[in-house]
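Notes to accompany the following structure.
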Amino acid sequence: MTALFGTEVAPGAVHVPGWLDTERQRELVAACRAWATGPVPMRHTRLPLGGVMSVRTVCVGWHWQPYRYTRTADDVNGARVVGFPDWLRELGREAVADAYRDPAAGAAYAPDAALVNFYDEAARMGMHQDKDERSPAPVVSLSVGDTCVFRFGNTENRNRPYTDVELASGDLFVFGGPSRLAHHGVTRVHPGTADPATGLRAGRLNITLRTTGLSDGRDQP
Ligand SMILES: O=C(O)CCC(=O)C(=O)O
Ligand SMILES: [Fe+2]
């Protein structure tokens, strides 16, 4: 087991470098490759004002489109989103338990959605809040591939104060509690920093686990 000396970037926001070993990163890359092919293909999300996101995204458990979750990908091909696997929920539980050093918080964690984002070297993500979930449960973020600059800000606005954190392959970042609605984004990706042993030769994968707080038959309007 890796020694877990995470850094608290803000209250409730913990960075644990090197949390995933190479084998687990390889497994995640393989899972993301499979999800990227369907039933809903990985694609650039269209924004309501006509823009498209520079990252490519595929969802697991619930489909996210700006700014709601549904079971079917109505903005892509109408297909039902792939099911959320038990092993991914278990990984999320381990992540929360380790980052917060709180086994009970880990055991209570029950994510039901994941967003898988792929960044090529030009992709970015603007400052935003993850606020389409109806649950205060933490977000678990796992990174594989090229190192990026992850900007972790405040709950008030997109501006300072913020902290720039380098997220490298295998890193875990958990944000919950008072940081759950903090603004955050990715300001750049450092090309050529990935370890090819993960199976991802170029670019960056980020997987965020979320708890939607939704149940079937009650899709968000
Ligand atoms: O890529 C990252 O590290 C962050 C992704 C993110 O903020 C999101 O998907 O909402
Ligand atoms: Fe986010």
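Throughout, read-outs are computed from the coordinates displayed, never taken from laboratory work. Quantities reported herein were computed from a predicted structural model and do not represent experimental measurements. Virtual Cβ from ideal backbone geometry, glycine too; neighbours counted across all protein chains shown.
Taking trypsin sites (Lys or Arg not before Pro) as exposed when DSSP calls them loop (any state but H, G, I, E, B) and at most 13 other Cβ atoms lie within 10 Å, what is the longest stretch of the chain free of them, the sites themselves excluded?
1-100
Residues with beta-carbon under 14 Å from that of residue 44, excluding residue 44: net charge, scoring Lys, Arg +1 and Asp, Glu -1?
Surrounding charge for residue 44 is +2.
Name the residues whose placed amide hydrogens come within less than 5 Å of the amide hydrogen of residue 9, ignoring near sequence neighbours (fewer than 5 apart) on the same chain.
Correct list: 14, 15.
For a footprinting-style exposure proxy, rank 169, 143 by other Cβ within 10 Å, fewest first.
169, 143
What number, rounded to the nearest 500 deg cm²/dmol, is the helix-based mean residue ellipticity at 222 nm of the chain, given -39500 (n - 2.57) per DSSP H run of at least four residues and division by all its residues?
Using -39500 (n - 2.57) per qualifying helix, the result is -5000 deg cm²/dmol.
Amide H of residue 19 versus every other amide H placed in the peptide plane: which residues, excluding those fewer than 5 positions away on the same chain, fall under 5 Å?
Amide H neighbours of residue 19: 171, 172.
Give a residue-ordered list of calculated ³J(HN,Hα) values for the range 161-169 (Karplus: 6.51 cos²θ - 1.76 cosθ + 1.60, θ = phi - 60°; whole Hz; x for Gly, Pro).
x, 9, 10, 8, 10, 7, 9, 9, 4
At 1.306 mPa s and 10 °C, plugging the Kirkwood radius over alpha-carbon pairs of the range 34-172 into Stokes-Einstein gives what diffusion coefficient in µm²/s?
Diffusion coefficient, whole number: 97 µm²/s.
Size of the dipole of the chain about the Cα centre, Lys and Arg at +1 and Asp and Glu at -1 on the beta carbon, nothing else charged, in debye to 20?
580 debye
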